[in-house]
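All remarks here apply to the structure that follows.
Quick note: the coordinates plus some simple rules give every number you see, no bench work behind them. This is a predicted model, so every value here is computed, not measured. With ideal geometry, Cβ positions are generated from the backbone for all residues, glycine too; neighbour counts draw on all protein chains shown.
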Amino acid sequence: MTHLRKIMLEELQRRHYSEGTTRYYIRHVERFARYFHCSPDRLGPRHIREYQAQLFSKQKLSPGAVTNHLCALRFFYVQTLKKHWSIADTPYPKKTHHLPTILSQEEVAQLIDAAPTPFYRTILMTLYATGIRNAELTRLEVSDIDSRRMVIHIQGKGCKDRDVMLSPVLLEELRGHWRRLPKKSRVLLFPGNPWHSGDQPIDTKTPRHACQYAARRAGIKKRVYPHLLRHCFATHLLEAGADLHTIQILLGHNHLKETARYLHLSQRHLHATASPLDSLVLKGGSQPET
């Protein structure tokens, strides 16, 4: 481990950054240095601007992904090297807002039923029933399942824990899943080797594979990934009449505006207001096709 890497790791740990963020930040700085074949402490704003441009032009990254790279570099320069960082010299890219494609409840059922293994089926059901993030799912432990209170305790993003509802259907699935686990491996809910044993959790690729394989088997053409099931969880709750504040708490959002975008996805809210075209009195009508 280089001296700079050691200092950056210590600064990240001092601020209690998550393991995932720590890993990504160090990796982004390493890629930055590798691009210029130079130690990062010898690079400056000019190099950062050039690197940011090629992230868009050559690597075709999204604005959000480029922002993540810049956040890592900013942490390195400000907290590790104790240098000044000018937002004016290296501005963050303008965010783009795309609404995700949502699966209907029928499609979610088809997806779960098409899971190629019981392990993958349990993962898909847990993702949809709780709205949990992919990384949060990998950290779940058997002790997080509280069947008396019918809640699941989630070790949330940014060290912000929360409880979500425990569906009776999911509880029965999890009990069957627990019985299938080796007796010596009943600490983690989803142990991460081919035999589903040991003390290491699954990585975030496993839920993605579960989504991809099941979607292919179900004949679903939409792109299916773990976070999409989180979107489906929130949208379907909203369509069933749940209020935004409750959904905000369940998702672990800091701000209500993050949750409000599901109003744009809810059919109940989209169909609640008629189009102004419907109130017009028009002369004649469209001619029938011949």
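The calculated P(r) of region 3-80, using every Cα pair and 5 Å bins from 0, goes 3, 15, 29, 26, 16, 9, 2, 0 in percent.
Computed from backbone phi with θ = phi - 60° and the Karplus coefficients 6.51, -1.76 and 1.60, the 3J(HN,Hα) list for region 162-168 is 7, 10, 10, 5, 9, 5, x Hz; x is used for glycine and proline.
Amide H contacts of V151 (H built 1.01 Å from N, in plane; Pro and chain starts excluded): D146, L166 sit under 5 Å, all sequence-distant by 5 or more or on other chains. In terms of its Cα atoms, the chain spans 70, 66, 37 Å along the principal axes, sorted from long to short.
A straight line joining the Cα centroids of region 80-98 and region 139-171 runs 36 Å. Taking amide H as placed 1.01 Å from N in the peptide plane, the amide H of R162 sits under 5 Å from that of I154, G156, each at least 5 places away or on another chain. The phi-based Karplus calculation (6.51 cos²θ - 1.76 cosθ + 1.60; θ = phi - 60°) puts the 3J(HN,Hα) values of region 205-219 at 6, 4, x, 5, 5, 4, 5, 5, 5, 5, 4, 5, 5, 7, x Hz, whole numbers, x for Gly and Pro. In this simple spin-label model, placing a label point 7 Å from the Cα along the Cα-to-Cβ direction at both A242 and R223 gives a separation of 2.5 nm.
Is region 105-270 rounded, prolate or oblate when judged by the Cα gyration tensor, a ≥ b ≥ c being the square roots of its eigenvalues, rounded requiring a/c under 1.5 and prolate requiring a/b larger than b/c? Show your work: numbers first, answer last.
On the way: a/c = 1.85, a/b = 1.31, b/c = 1.41.
The shape class here is oblate.
Here the Karplus curve 6.51 cos²θ - 1.76 cosθ + 1.60, taken at θ = phi - 60°, turns the phi angles of region 85-96 into couplings of 10, 9, 5, 5, 6, 10, x, 6, x, 5, 6, 10 Hz, with x standing for Gly and Pro.
Each of D41 and K160 was given a label point 7 Å from its Cα along the Cα-to-Cβ line. The distance between the two points is 3.5 nm. From least to most packed, judged by other beta carbons within 10 angstrom and beginning with the fewest, C38, C159 follow the order C159, C38. Once both labels are positioned 7 Å from their Cα atoms along Cα-to-Cβ, the gap between L256 and Q200 label points is 4.5 nm.
Dividing the summed -39500 (n - 2.57) terms of all DSSP H runs of n ≥ 4 by the residue count of the chain sets its mean residue ellipticity at 222 nm at -14500 deg cm²/dmol.
Taking amide H as placed 1.01 Å from N in the peptide plane, A242 has no amide H partner under 5 Å among residues 5 or more places away or on another chain.
Considering every alpha-carbon pair of region 116-213, the percent of pairs per 5 Å bin, from zero through the bin containing the longest distance, is 2, 13, 26, 28, 21, 8, 1.
Subtract the Cα-Cα distance of S147 and F56 from 0.36 nm times their separation in residues, and report this length gain in nm to one decimal. Walk me through the intermediate numbers first.
Working: separation 91, 0.36 × 91 = 32.76 nm, distance 4.77 nm.
Computed gain between S147 and F56 is 28.0 nm.
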